[in-house]
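One structure is given here, and the rest of the page talks about it.
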Amino acid sequence: MKSRTKNGVEVGVMWTGAQSTIDPNRLFSRPSNIEKLRNEASTDQSLIYGWEEHDGRSFGIQKITDKLNNIQIDSSFIKNEFSTKQKGGGYTMKIKVDPLEDEKSNNNNKQKNQPISFFVYVKCEKNTRLKLINAKKAKGLNNDLFIEGENSELGKFSIVIPKGENYQHPSVTKETKSFFGSTLKSLDNIHYLLLSRKDTEELSETSFDSYDGWKVKDFVQESLQNKINNLKKTYMRKYSRTLKKEIQMRQEGEFVRSTLPKKTVYPTIENVIEKGDHNVMIFQFIVMPSFTFDINFISQEGFPEIAKLKLRQKKKLLSDISQNYLSKYEDNLRLKSFLFEKKFLQKFRFNEKNLSKKKLNFGKYVLSNLLGAIGYWDGNIIIQATAKNDMEPQYTLIDHSLFSSVPSRSNFPRGFFWDEGFHNLLISEFDEEISQEITTSWYNLLDSDGWIPREMIIGDESRSRVPKEFLVQYPWMANPPTFTILIEQMLNKIQLNENTFSDDLEYSSLSSIEESTGSQNNKKNKNKSRISFLEKIYPKLKKHYGWYLKTQLGSEKYTFRWKGRTVDHNLPSGLDDAPRSPQPSVNEKNVDLFSWMSYYSRLLLKMEKLTTKNPKTIKNFESDNKIFQKKMVDFHYDQESGLFADNAGYLIEDPEDPTVDPTYFVKNQGYLNLFPFLLGLIPLNDTDKIHATLDLISDPERLWTDFGIASLSKSDPLFRTNENYWRGEIWININYLILRAIKKYYYQIPQTHPIYTKLRTNLITYISRDFHKTGFLWEHYSPLNVCIIEWKFMPPKTRTRSKRAKHVKHKAKNDNKRVRTNLKKKQRTHVVRKKKPIVDFSKLSYETLLEIKQHYQINQETQDVQELSQLILAKFLKQAINEEKVIKDFLNFSKEY
């Protein structure tokens with residue numbers, strides 16, 4: 001939990017297995033429990049987590065399954081509000097830890113119900129002071145924890161962490177106590193680090209802040225490692241004679257396995273109190289599951305009498321306030337949960353659709369994890385300050401703050417401009433006020449020219465999770481302005497209520513439920529709030545649009561190209577490796593960027609009519625829109641294919657077939673061809689172009705799959721090659737735009753009806769089925785049956801290389817029936833068959849084997865893997881006897897096992 005303030009106060013937890021073993025054969029290796037300290041969201045498949053309910057404001061319920069440590073954590077929080085609310089109020093967190101049920105635990109880990117080393121930490125920014133008002137003892141603390149703090153934004157606050165009366169602690173044998181003596185600390189006590197982290201670190205290539213208080217995980221690991229080292233020193237001193245002999249024998253070339261006894265210990269952090277004002281506090285509890293932690297953050301704004309009391313009276317009052325919150329906690333949590341579900345059903349009209357409990361819970365999970373990923377960052381980002389082609393570029397730090405959701409808590413825990421526009425299409429339907437705050441926060445990033453960074457990597461903590469080559473933001477690089485879709489959705493709601501401007505309503509909003517129900521007064525109040533927001537944001541949108549026109553302009557007026565693309569990547573476009581022209585060119589014309597600009601211009605025309613209503617500006621936008629409509633056909637319509645496409649700006653020849661006439665248009669078919677359709681730019685009366693686009697979408701030989709619309713045609717030679725990011729994978733944001741666009745043409749063009757119905761059904765079925773198998777939602781999905789849906793032991797994020805995708809498509813269903821049947825037998829019997837492999841791999845296709853090679857998860861004994869390796873090798877040799885690279889791939893693969 002972190003405050004939404006510049007001088008943030010963050011309260012969090014970490015945990016790991018408490019037990020370490022001092023092994024004479026591994027004296028110089030780092031204990032695994034220290035290495036695997038849990039602190040952040042990760043892609044480790046032994047850790048499954050997610051918000052089951054979260055309203056984005058006042059409460060959340062999260063379940064965490066940790067198979068490595070065999071525990072399940074049920075965490076929740078409630079924001080405790082009071083009348084003034086000027087300083088943000090307080091909150092209560094409850095964290096319940098239980099042993100994992102046998103069927104959910106990691107079968108390879110035989111340590112069941114082992115003690116857990118659990119850490120609670122409080123960390124603050126530079127301008128916040130913390131004070132522990134407990135009596136500090138060298139052996140640790142044994143009472144409730146009371147922490148006081150103060151800064152200019154939150155005012156005075158207190159944090160209360162009750163110790164818990166029924167905690168069970170692991171016991172240490174008398175022999176171990178006698179052996180290590182005073183080096184061991186009591187496991188019944190709370191151990192602590194009270195740190196003052198201010199201007200203590202030198203700046204480096206990736207560290208631009210002198211404050212390093214965010215490195216709480218490093219502090220704990222370092223302290224635990226110091227404790228282990230001290231215990232090892234005692235061990236080595238007492239067995240020094242035997243250890244010297246064994247080391248000498250090893251140096252002489254003998255294989256020696258030590259006969260000295262192993263020692264089981266429970267390392268504790270050192271009870272350290274640094275000098276100066278403390279802004280990082282870490283507390284360690286060593287406890288046997290099951291146990292519960294309660295944390296109360298109490299704003300003294302609601303209890304001003306706290307500051308006037310003496311220490312003992314202050315502790316008593318804080319304990320009473322804490323207990324009062326805890327006594328009502330379960331009832332309040334049930335009430336919050338009830339109100340959340342009620343709002344969820346009403347906002348999306350699910351109470352009228354007779355959905356199963358399983359589907360409703362899935363829907364709540366999707367929404368909750370989007371709302372639960374909203375965060376606040378304050379700090380600096382790195383920007384190149386010199387010109388694009390400068391041989392010795394200079395960089396500068398620009399201070400920014402951002403309120404935003406994130407694409408992924410594990411992989412991308414920071415704001416991305418084009419992702420956030422999509423996120424808010426859903427957020428705004430549930431809580432429009434939060435969405436408006438997020439939109440305002442992003443457009444407040446505009447610099448003097450109108451540029452918004454495409455990726456907000458704010459501060460050293462964010463930078464620590466980003467490869468060095470991606471840290472710098474370049475002020476000539478754009479990103480798709482997806483917030484325009486959100487703004488149009490808001491305009492449509494206003495139009496539905498009041499018919500504010502005369503244009504035909506092009507799209508319905510995501511649900512528009514509240515606009516079709518509710519009182520007239522309520523609608524008017526909402527529209528008044530929306531119009532007020534649009535009036536404030538409109539000048540920023542115009543400035544942003546103007547920046548695109550100045551910086552992303554092509555070689556001719558009304559043409560556009562993404563600046564910053566390379567031969568292999570176009571990161572600014574968001575479609576990173578989607579095939580473009582073979583070589584970047586100043587004459588290149590990108591159809592997706594053209595479509596975004598045309599769409600942006602149409603949006604600004606609508607906003608001008610609604611807000612300032614300047615006749616001259618309206619006339620200019622209307623003129624631009626007519627020109628955009630004409631130029632879209634002139635520059636981007638490929639008559640040969642009947643599709644809109646990138647224009648390379650030069651003649652493209654086919655080296656494999658010189659008889660084919662060269663063309664200016666990029667011939668790869670995929671998402672890029674859809675953008676004029678996706679953004680509603682093709683007129684309703686231009687049926688030939690609409691039908692050609694619908695044919696591309698619905699053709700099973702090209703983009704259509706049973707799971708969603710693929711990003712690249714299955715018949716394309718580049719399908720699922722190299723990084724395979726936008727070269728065939730199914731992206732849900734684009735599939736949503738496809739459905740949204742089809743709705744525009746739905747009543748005029750009957751061909752759209754079966755496409756819309758089947759695509760919508762496939763997407764929902766596919767995503768929900770994969771979620772219930774993996775426990776996660778993913779940024780993109782495989783278009784092939786073999787990967788995510790059917791193969792239980794494969795990680796859902798697939799990046800395979802398949803050169804014969806058409807063949808895979810026809811073979812996949814039969815192949816996977818066999819795979820699925822054998823896996824079910826394996827799961828049911830739990831017996832490893834020594835003579836027969838799990839699957840008859842010799843009957844699988846080449847592409848399927850490539851999938852297995854890259855994604856096979858070892859859940860069997862070595863013999864199965866050897867058989868798998870031999871069969872794959874035989875298949876490789878048969879298919880590619882002279883391809884050195886393929887054989888090399890196999891050798892690398894076999895070394896892993």
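The values are calculated or read from the model by the stated rules, or taken from the named source; none is laboratory data. Here the structure is a predicted model, which means the values were calculated and not measured. Counting neighbours? That spans all protein chains shown, and the Cβs are built from the backbone with ideal geometry, glycine included. Please note that ligands, DNA and RNA were not included when accessible areas were found on the heavy atoms of the full protein model with its side chains. Shrake-Rupley method; radii C 1.70, N 1.55, O 1.52, S 1.80 Å.
Key figures
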quantity: Segment 704-791 shape via C-alpha gyration tensor axes, a/c threshold 1.5; calculated: oblate
quantity: In nm, spacing of pseudo-spin labels at Asn113 and Lys357 (7 Å Cα→C-beta vector); calculated: 2.8 nm
quantity: Where Met632, Met1 fall by accessible area, highest first, once all protein chains stay in place (1.4 Å); calculated: Met1, Met632
quantity: Surface per residue (accessible, 1.4 Å probe) for segment 331-460, Å²; calculated: 43 Å²
quantity: FRET efficiency, 1/(1 + (r/R0)^6) with R0 35 Å, evaluated for Arg334 and Asp277 via beta carbons; calculated: 0.30
quantity: Förster radius 35 Å - calculated FRET efficiency between Asn625 and Asp449 (Cβ-Cβ, nearest 0.05); calculated: 0.90
quantity: By accessible area with a 1.4 Å probe, ligands and nucleic acids excluded, highest first: order of Lys328, Lys609; calculated: Lys328, Lys609
quantity: Carbon + sulfur, % of accessible area of segment 402-499 - ligands and nucleic acids excluded, 1.4 Å; calculated: 47 percent
quantity: Per residue, in Å², the accessible surface of segment 570-700 once ligands and nucleic acids are set aside, probe 1.4 Å; calculated: 40 Å²
quantity: Nearest-0.05 FRET efficiency for His753 and Asn127, computed from C-beta distance (R0 41 Å); calculated: 0.10
quantity: Cα centroid separation, segment 154-189 to segment 479-493 (Å); calculated: 54 Å
quantity: Segment 696-711-segment 296-331 distance, computed between alpha-carbon centres (Å); calculated: 60 Å
quantity: Additional length obtainable on full extension of the chain from Lys36 to Tyr167, 0.36 nm per residue less Cα span; calculated: 44.8 nm
quantity: Percent carbon-and-sulfur accessible area, segment 233-379, ignoring ligands, DNA and RNA, probe 1.4 Å; calculated: 52 percent
quantity: Cα-projected label distance for Asp661 with Ser585, points at 7 Å along beta-carbon direction, nm; calculated: 1.7 nm
quantity: Potential extension, Thr687-Leu651 segment - 0.36 nm per residue separation minus Cα distance; calculated: 10.1 nm
quantity: Carbon and sulfur %, accessible surface of segment 510-632 computed with the full protein complex present, 1.4 Å; calculated: 52 percent
quantity: Accessible area in square angstrom per residue, segment 703-747, 1.4 angstrom probe; calculated: 28 Å²
quantity: Extended-chain gain in nm, criterion 0.36 nm per residue less alpha-carbon gap, Met1 and Glu535; calculated: 188.9 nm
